[in-house]
């Protein structure tokens, strides 16, 4: 048997069959490449997406303005204090664009809020119409904390 890069090729296997096997392997690779290119990860740099040095300055200003505390509606409604490490557009960039807002209005600090990482993910899921699973809070004893509805 002759060893190739793709498989063991018996010497009696016709070259056409090997070419078909090679072609199907390449087709699988092309299909996999096409699927991978459809991921949700951005393909452009953060600077090209509008998150460059100017954004860093505005982000710092908003975090300081909000005392690094999460300003999301869930934290406020539940009286929860969470440390904010991210800055969120209250009206998202895509919605603001659809409303005809200018970039200056979209990026204005009045449209930005300090937000906790998990709250930001939750808000983004809600905006995209996805089902949000309630987060289970675990106590110091390692058991889930009840929502006050039972023992």
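You can think of it this way: the chain between residue 76 and residue 56 has 4.7 nm of extra reach, that is 0.36 nm per residue less the Cα-Cα gap. Estimated at 0.36 nm per residue, the fully extended path between residue 83 and residue 48 surpasses their Cα-Cα distance by 9.8 nm.
With one equal scatterer per alpha carbon and no solvent term, the Debye-computed log10 I(q)/I(0) for the range 67-127 at 0.25, 0.28 1/Å reads -1.01, -1.14. Between residue 140 and residue 104, the simple spin-label model (points 7 angstrom out along Cα→Cβ) gives 5.3 nm.
The order of 64, 127, going from fewest to most other C-beta atoms within 10 Å of their C-beta, is 64, 127. Peptides 132-139, 45-52 ordered by packing proxy, namely the average of other Cβ atoms within 10 Å per residue, highest first: 45-52, 132-139.
The numbers here are math on the coordinates, done by the rules we state, and not lab data. Every value quoted in this text rests on a predicted model; they were computed, and no experiment measured them. Counting neighbours? That spans all protein chains shown, and the Cβs are built from the backbone with ideal geometry, glycine included.
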